[in-house]
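Accompanying notes for the structure given below.
Each value in this text was obtained by applying a stated rule to the coordinates, not by laboratory testing. Just so it is clear, the model here is predicted, and its values are computed rather than measured. Glycine gets a Cβ as well: all are built from the backbone with ideal geometry, and neighbour counts include every protein chain shown.
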Amino acid sequence: MQKFDVVVVGAGFAGMYALHKLRELGFTVKVVEAGDGVGGTWFWNRYPGARCDVHSLEYSYQFSEELQQEWSWSEKYAPQPEILDYANHVADRFDLRRDIQFGTRIISMALQASSRWIITTHSEEKFEAQFCIMATGCLSKFNIPKFEGLENFTGEVLHTGDWPKEEVDFEGKNVGIIGTGSSAIQAIPLIADKAKSLTVFQRTASYSIPAHNAETDKKYEESVKTDYSEFRRSNSLRYAALNNNPTPVSALELSSDERHAHYQSRWNDGGLSFLASFNDIGSNLEANKTAATFVHSKIHEIVNDKTVAELLCPKTVLGCKRLCVDTNYYQTFNRDNVKLVDIGEAGIDKISDQGVIAQGEEFSFDTLIFATGFDAMTGALLDIDIRGNNNLSLKEKWQDGPKNYLGLTIHGFPNLFTITGPGSPSVLANMIVAIEQHVDWVAACLSYLRDNSKHSIEAEGAAEESWIQRVNDIAETTIYSSGCNAWYTGANIPGKPRIFMPYLGYPSYVEKCERVAEQGYSGFKIS
Ligand code: N01
């Protein structure tokens, strides 16, 4: 059995950086990856139109000044193929592949009395490691709902989160797509452009803000690169570690004309920074409603058919489910070959051999696309049979929802770390920034243990309890507690316990992590 200081599960952005950082510090590291390439979410999500909703100059690593200076993004919002190229470039540049085992899925991990882990792959290969780092991603276990009759469908079935590497040909095809979240919203305009017909099954309408994507502004790039580290530092002081230029004013302080003009200017800028239009959209439902009303008015301006426009207007709290960013999403419903079927809460009746039956009507398709999202944040972790102290499984431990300390470590599971786990800013921050902060923290922690001849670190139960309380207390003061069926809470997966998973507020999170380390890892048992 091969032995390592650290086994890392996953070779997305988190796993790649963990490998680089820990190897640099002299640890022996093995990365195990189910796919046959690096890139994680950007390896699997190859659907047409897939691109990041964070500006390219921010959605990139900062650990190497040379890397961030030499790489140039072609567009304001990088498309998936370019992000995958970037991941491959990083893997080559830092010679990562020699320590990554591709095409290998971890199925179980068991803690030994020695506080070392035995890790077993799908082919029964075993590794031993003192530490395990779960870099399994927040949106990596894709979800196909259990639709009755799905197995009978005779056409092609695709999922946006598990898209084929080969180009899918939609020419002359009748296509159905279930779901209207971020993935669908990006894919729909491009598929509609190719397919004979596209039918969109919408259960809950989403708010979407235009990306206004463009080629990279070279002057802006140059100005950022003149002092990239200062750009990163100032972004890291913001709520979501994004350069979103927040307006420090309540939406309710302005006259309705002033407010409208302000929203219009944010709409013209495009993207997620719309959420920062005012300082209370995320915390005050009345303020939030003004933003929702503005987006409704835009939908009605764009979509010609009044009934379709009204169906596309979300009735939910804006931002409570992930805000989407699009290119020509609403415009696509003006095409003759696109049909919106609002299935509402009744949902899909069933799948037939020909297609979808909804509201008693059968829709026939050559291709059926599931844009039905992910078992987010916990799905990939719980797919592995992880057993800690006293053979306790993580599944049992988390049966009422994920519990951990700092979103990084779990009581009962010593020497195991989760990168961007539930309870950390993760999906509600710039993911790559959050990843680097976590990896740096773990690397410092492992160095501390080594320097002090310690072999085991475990979150204390009390620290875990108070952490979960803190995560929830913060969420309670925001629109996220308004009860929408967001994947942030697990509500998109039937039977999944509902608990708000991300930690809100990157700067206060980082401060806490730093304080814990400075205090000799307070809240942990070290031996
Ligand atoms: O998944 P989703 P996604 N019957 O969960 C519907 C990131 N991302 O892959 O809302 C019928 O958002 C579901 O309906 P409802 C981003 O963080 C980023 O689109 O549950 N419909 C919903 O419409 C994003 O939030 C980027 O009522 C069903 C859709 O499927 C996250 O990934 C791009 C159903 C799922 O939407 C996930 O996005 C893409 C059922 N049984 C993704 N079950 C960018 O960076 C589910 N649905 C831009």
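A few points about this structure:
- For region 446-457, 3J(HN,Hα) computed residue by residue from phi via the Karplus equation (6.51, -1.76, 1.60; θ = phi - 60°) reads 5, 5, 4, 4, 4, 5, 9, 6, 10, 10, 9, 9 Hz, glycine and proline entered as x.
- Part-to-part distance (alpha-carbon centres) for region 119-185 and region 259-331, which is given in Å: 29 Å
- Farthest positive-ward along region 406-468 dipole, Cα basis, beta-carbon charges - from Y448, G412, A434: Y448
- Cβ-based charge dipole, region 184-236, positive-most Cα from S197, Y207, F231: S197
- Per-residue extension of 0.36 nm, minus the Cα-Cα distance of H300 and E70, leaves a gain of 78.4 nm for this segment.
- Note on the chain: antiparallel DSSP beta bridges, both residues inside, total approximately 40 percent of the bridges counted.
- In the chain, helical runs assigned H by DSSP with n ≥ 4 each contribute -39500 (n - 2.57); averaged across all residues and rounded to the nearest 500, the mean residue ellipticity at 222 nm is -9500 deg cm²/dmol.
- Cβ-placed point charges (K, R +1; D, E -1), dipole of region 70-177 about Cα centre in debye, nearest 20: 560 debye
- Integer Hz, Karplus 6.51/-1.76/1.60 couplings in order for region 366-372, x for Gly and Pro: 7, 10, 10, 10, 9, 10, 9
- Computed extension length for T226-D440: 74.6 nm, one decimal, from 0.36 nm per residue of separation with the Cα-Cα distance subtracted.
- For the pair E476 and K525 in one chain, pulling the backbone fully straight at 0.36 nm per residue adds 14.7 nm over the alpha carbon distance.
- Here r is the Cβ-Cβ distance between K350 and D383 and R0 is 22 Å; the resulting FRET efficiency, rounded to 0.05, is 0.25.
- Measuring gaps between exposed loop sites in the chain (trypsin sites (Lys or Arg not before Pro); DSSP loop; at most 10 other Cβ atoms within 10 Å), the longest gap, sites not included, is 316-527.
- Counting only aspartates and glutamates at least 8 places from K165 when in the same chain, those with an alpha carbon closer than 18 Å to its own are E33, D36, E82, D85, E156.
- A convex hull fitted to the Cα coordinates of region 413-455 yields 58 cubic angstrom per residue.
- Across the chain, the volume of the C-alpha convex hull divided among the residues equals 149 Å³ per residue.
- Close amide H pairs (under 5 Å, H built 1.01 Å from N) link F4 with E128, A129, Q130, residues at least 5 positions away or on another chain.
- Here each label is just a point 7 Å from Cα along the line to Cβ, and for Q112 and K289 those points are 6.2 nm apart.
- Normalised by 2.2 N^0.38 Å, where N counts its residues, the alpha-carbon radius of gyration of region 393-499 equals 1.16.
- Between amide H atoms placed 1.01 Å from N, distances below 5 Å from K339 occur with L198, T199, V200, all of them 5 or more places distant or on a separate chain.
- For region 380-527, the relative contact order comes to 27 percent (Cα pairs under 8 Å, sequence separation of at least 6).
- Taking θ as phi - 60° and the Karplus parameters 6.51, -1.76 and 1.60, the scalar couplings of region 280-297 work out to 10, 5, x, 10, 10, 5, 5, 5, 4, 4, 5, 5, 4, 4, 4, 5, 4, 5 Hz in sequence order, x denoting glycine and proline.
- Isolated cysteines of the chain, defined as having no other cysteine beta carbon under 4.7 Å away, are C52, C132, C138, C313, C324, C445, C513.
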